[in-house]
Amino acid sequence: MNDYLEQLRAMAAAALFPEEGELSAPGLAEPVEVRRDAWGVPYIRAGSLEDLWFAHGMVTAGERLFQLDLLLRASNGRLSEVFADRTLAEDRFARTIGFHRAGKRLAAAWDDDSRRMHARFRDGVFAWMESMPAPPVEYVLLDLTPDLPRDEAAWASAFSYLAWTLSGNWDSELLRAWIRERAGEDGAAMLLPPAARVAPEVAAGALRGELVDALLGAAPRPRAQGSNDWVVAGSRTATGKPLLANDPHLLALQPGAWLECHLSAPDYEARGVALTFSPGVLLGTTAHHAWGVTNVSGDVQDLYREHLNEDRTASEYEGGWEPLATHRETIAIRGSDRPHELEVRETRHGPLIDTFVSGVMRPEYVELAPNDTYALRWAGSEHGIRPSIVLGAARATSFEEFRAAALGVACPGQNFVYADVDGTIGYACTGAFPVRRAGDGTVPVPGWTAEHEWDGWIPSDELPWAKDPDRGFLATANNRPHDEAYPHLIGLDFHSPHRALRIAVALEASDDHTLEGMARLQNDTVSLAARETLPMLLELAPHDEEQERALDLLRPWDGDMAASSAPAAVFAVWSRAIGRRVLEPRLGEDLFRHYHAWREPFQCEALPALLRERNTDGAWIDDDLLRAALEDAIGELRERLGDDPIRWTWGSLHRLRLAHALASIPGLEPLFTAVDIPFAGDEQTVMQGGFDAREGYDVAVIPSWRAVYDLADLDRSIGVLPTGVSGNPASKHWNDQTELYAAGEYHALPFTREAVEAATVATLRLVPYHP
């Protein structure tokens, strides 16, 4: 590392939060103990909840201040104050959707506990900002001063922003409409097939063991980021007590979304992971029970086509004209004396959008045609999460109490799995899902009539749930969470059931599950989708010896997307080439890129369907196209990896790069890159490794936290982050968990006081400061 980078590292080190000794904390009522284990995980023990939340905020700011600053800016449409017009499109979109307006509504509905605990958390954040020995190095490089908002509404906007990233399906509605225009109704049905909708006669209720039966037959259709969670009853474990596993899948970013921690005060104790912008453990365990979540992937967004009057100041509705509401937004742009002025207009359904967002890691903001007038209604504009949800989740003494608390998670809706030390296991679907008067939410609908309005929400007591099923386990992986008998429409654009099926088959296969077995399942890289498609590809007669050698690589392959696998690389590259050859001529280059960015719908539904019909009248695919695509794939592999097929490993193409935003600045990569390693899996494997097919094969979505909780002995529980606890590149905990993560290994999650003390390597005392 050159002298300049060493100087920057020294600046970063000057901003490190202390791990030992004593630190004055203005605003603290009584001393607080902050222990650290070998991985830098903070174990915060306070004499009151008020001091616990304060200390949690202070430690969070000490580890993640710049990340928190950027998150709040993104949530409130203020990134351009830092990055100038490079982020103007993001800010315009944030202001149009109105995360900040939603934040005001959410904060206004917070209960007293939420207001008190979040106020103390913010007090702790600002206490560190006012006493830190130096600002994080990012502020030095960007010539900035930390500038975090103090009002709770601006922080509540982060909940809205989070909900948006886990909501669906406005983008799929537009894609379906565009694909219909280019490829017809049948083409849209093939490329973006919604799950079948059957109107049953029976009422909703406890699903019991039928939850898994339903997921095995669920029709696939992906949404964006996913997750896995499952829970196994003691009747199927080696200890006779439940095991619970969870790995939420989020974008591959550094720092990551979670701060691993253990928080303890009278009337509250939990260990797991917390968000950076709100106090308390969101996913984890107490002494009594553990829980995990996956995204429901329900449909909580609808696009309405609107008729506007000539001067575009009113929208037609039921034969009359309703004036548009307007919001004048001023976006400050760094380096410019003139801010960007934006007028956001709203109909009764929501804001008029002028942009489509395409892609995953580096999204494109694509302007809609001037005559495309769509208003967006989104449940997250009206519903969200309040901070005090963590209190109810931790204080529950039964599954029923836990479910009642979890139902407070209105948007984004989540699939909770639960296990307690008494042996109970359970599942609860949560969320605010609209009741539509007409339609199924898969395409834009007319906004000038009352036909497609929302008539309230699915009653929370009628959302799917299960307790102690006879099968002895419950599992979710963003698949459809109910069977055909369920009377409500939660959505149709769920993820493919392949991950869920892989998990369910593994859990069904044994009555003697162990902690180690659950960890192996979390790291499983076999793609059932690849196994289904491969035999149809292998029917191809090759054009030449080179193609024959490529097919010979694939013939013995079992669908394992291992990083060391050459067949996995051939399969992925060939599939991408097939998609380009068959769809670009029909959709056009731009629409194909938008559609194929999230690869799952093509890979799991469209490609198998096209292969089944190949060489028939009207088929989109024939053997000539497959041979041409295979030639493309071989050419790409040779260009990227050389002539020797032994070097064509999946991990050579499919790399995980976890880098700070400033790693994009030439010369700073060594300091701000935490991870750059070959990676296994794809979007269909339990060990998530989804990628943006527009941009090659680099990993875009990963398990953001892996944990397995042992309810027979919580101190045996294990977990791992992709990088580490700290967001400071000078910290030894910047990426110290990466080696474990990459190897599919874990570290211990000590819970009891004895185990925490035994794991302690450093202790800091936060003490009140009285000037």
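Does at least one position in the stretch 512-520 carry a residue that is polar (S, T, N, Q) and either crowded, with 19+ Cβ neighbours inside 10 Å or touching a strand residue (DSSP E or B) at 6+ places or on another chain (Cβ under 9 Å) (or both)? There is at least one residue in the stretch 512-520 that is polar (S, T, N, Q) and either crowded, with 19+ Cβ neighbours inside 10 Å or touching a strand residue (DSSP E or B) at 6+ places or on another chain (Cβ under 9 Å) (or both).
Somewhere in the stretch 165-187, is a residue more than 25 Å from F17 (Cα to Cα), polar (S, T, N, Q) and touching a Ser or Thr at 6+ places or on another chain (Cβ under 6 Å)? Looking for residues that are more than 25 Å from F17 (Cα to Cα), polar (S, T, N, Q) and touching a Ser or Thr at 6+ places or on another chain (Cβ under 6 Å), one finds none in the stretch 165-187, hence no.
A quick yes/no check of all residues on (1) part of a strand (DSSP E or B); (2) without any contact (Cβ under 8 Å) to a residue 40 or more places away in the chain:
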{"residue": "L303", "(1), (2)": "yes, no"}
{"residue": "R312", "(1), (2)": "no, yes"}
{"residue": "T330", "(1), (2)": "yes, yes"}
{"residue": "D337", "(1), (2)": "no, yes"}
{"residue": "L342", "(1), (2)": "yes, no"}
{"residue": "E346", "(1), (2)": "yes, yes"}
{"residue": "P370", "(1), (2)": "no, yes"}
{"residue": "A375", "(1), (2)": "yes, no"}
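Looking for something surrounded by fewer than 20 Cβ atoms within 10 Å (Cβ to Cβ), of a type outside the set (G, A, S) and not in a loop (DSSP other than H, G, I, E, B) - is there at least one such residue anywhere in the stretch 141-156? Taking every residue of the stretch 141-156 in turn, at least one turns out to be surrounded by fewer than 20 Cβ atoms within 10 Å (Cβ to Cβ), of a type outside the set (G, A, S) and not in a loop (DSSP other than H, G, I, E, B).
Across the stretch 653-693, the qualifying residues are those that are in contact with a His (Cβ under 6 Å, 6 or more places away or on another chain) and within 16 Å of G256 (Cα to Cα), and the one among them that is surrounded by the fewest Cβ atoms within 10 Å (Cβ to Cβ) is F672. If we keep just the residues of the stretch 54-77 that are in contact (Cβ under 8 Å) with a residue 60 or more places away in the chain and in contact with an Asp or Glu (Cβ under 8 Å, 6 or more places away or on another chain), which is surrounded by the fewest Cβ atoms within 10 Å (Cβ to Cβ)? Filtering the stretch 54-77 for residues that are in contact (Cβ under 8 Å) with a residue 60 or more places away in the chain and in contact with an Asp or Glu (Cβ under 8 Å, 6 or more places away or on another chain), the one surrounded by the fewest Cβ atoms within 10 Å (Cβ to Cβ) comes out as A74.
Applying a threshold of 6 Å to beta carbon distances and a minimum spacing of six or more residues, or different chains, the list of pairs starting in the stretch 722-735 at a residue that is modelled with pLDDT of 95 or more and ending at one that is acidic (D, E) reads G724/D736; V725/E260; S726/E63; G727/E63. From the set of residues in the stretch 509-527 that are touching a Gly at 6+ places or on another chain (Cβ under 9 Å) and in a helix (DSSP H, G or I), which is farthest from T239 (Cα to Cα)? Step by step, filter the stretch 509-527, then rank; the result is Q522. For the stretch 582-590, state whether one or more residues are closer than 21 Å to A700 by Cα, touching a Phe, Trp or Tyr at 6+ places or on another chain (Cβ under 7 Å) and either open to solvent by less than 40 Å² (accessible area, probe 1.4 Å) or among the acidic types (D, E) (or both). No - not one qualifying residue is present in the stretch 582-590.
Conditions tested, residue by residue: (1) without any contact (Cβ under 8 Å) to a residue 60 or more places away in the chain; (2) outside any loop (DSSP other than H, G, I, E, B); (3) charged (D, E, K, R).
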position	(1), (2), (3)
G423	no, no, no
A438	yes, no, no
G441	no, no, no
A450	no, no, no
D461	yes, yes, yes
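Within the set A569, A629, the sole residue that is in contact with a Ser or Thr (Cβ under 7 Å, 6 or more places away or on another chain) and either at negative phi or open to solvent by less than 60 Å² (accessible area, probe 1.4 Å) (or both) turns out to be A569.
Inclusion of W378 among residues that are within 30 Å of W321 (Cβ to Cβ) and crowded, with 22+ Cβ neighbours inside 10 Å is warranted.
Here is the figure for the stretch 536-558: residues that are more than 21 Å from L641 (Cβ to Cβ), part of a loop (DSSP other than H, G, I, E, B) and open to solvent by less than 60 Å² (accessible area, probe 1.4 Å) total 3.
When the stretch 251-269 is filtered for residues that are surrounded by fewer than 22 Cβ atoms within 10 Å (Cβ to Cβ), part of a strand (DSSP E or B) and more than 17 Å from the chain's Cα centre (by Cα), the ones remaining, listed by number, are S264, A265, Y268, E269. Is the stretch 240-249 home to any residue that is at pLDDT below 95, touching a Lys or Arg at 6+ places or on another chain (Cβ under 6 Å) and not in a helix (DSSP H, G or I)? Scanning the stretch 240-249 turns up no residue that is at pLDDT below 95, touching a Lys or Arg at 6+ places or on another chain (Cβ under 6 Å) and not in a helix (DSSP H, G or I). Answer yes if at least one residue in the stretch 494-501 is at pLDDT below 95, out of contact with any Pro (no Cβ under 8 Å at 6 or more places or on another chain) and open to solvent by 10 Å² or more (accessible area, probe 1.4 Å), and no otherwise. Yes.
Only a single criterion out of (1) under 20 Å from the mean Cα position of the chain (by Cα); (2) farther than 16 Å from A572 by Cα; (3) buried (at least 24 other Cβ atoms within 10 Å of the Cβ) is not satisfied by T723, namely (3).
Among the numbered conditions (1) open to solvent by less than 10 Å² (accessible area, probe 1.4 Å); (2) charged (D, E, K, R); (3) more than 30 Å from G359 (Cα to Cα), the only one that D91 does not meet is (3). For the stretch 506-517, the condition holds for at least one residue, the condition being that it is in contact with a Ser or Thr (Cβ under 6 Å, 6 or more places away or on another chain) and touching a residue at least 24 places away in the same chain (Cβ under 8 Å).
Of the residues G284, G240, G272, the single one that is out of contact with any Phe, Trp or Tyr (no Cβ under 8 Å at 6 or more places or on another chain), crowded, with 24+ Cβ neighbours inside 10 Å and at positive phi is G272. If only residues of the stretch 383-412 that are part of a loop (DSSP other than H, G, I, E, B) and closer than 15 Å to M117 by Cα are counted, the one that is most open to solvent (accessible area, probe 1.4 Å) is R386.
The residue that is surrounded by the most Cβ atoms within 10 Å (Cβ to Cβ), among those in the stretch 607-626 that are more than 17 Å from R531 (Cβ to Cβ) and small (G, A, S), is A619.
The values are calculated or read from the model by the stated rules, or taken from the named source; none is laboratory data. A quick note: this is a predicted structure, and the numbers were derived from the prediction, not measured. Heads up, the Cβs are rebuilt from the backbone with ideal geometry, glycines too, and the neighbour counts pull from every protein chain shown. These accessible areas exclude ligands, DNA and RNA; they are computed on the full protein's heavy atoms, side chains included. Shrake-Rupley method; radii C 1.70, N 1.55, O 1.52, S 1.80 Å.
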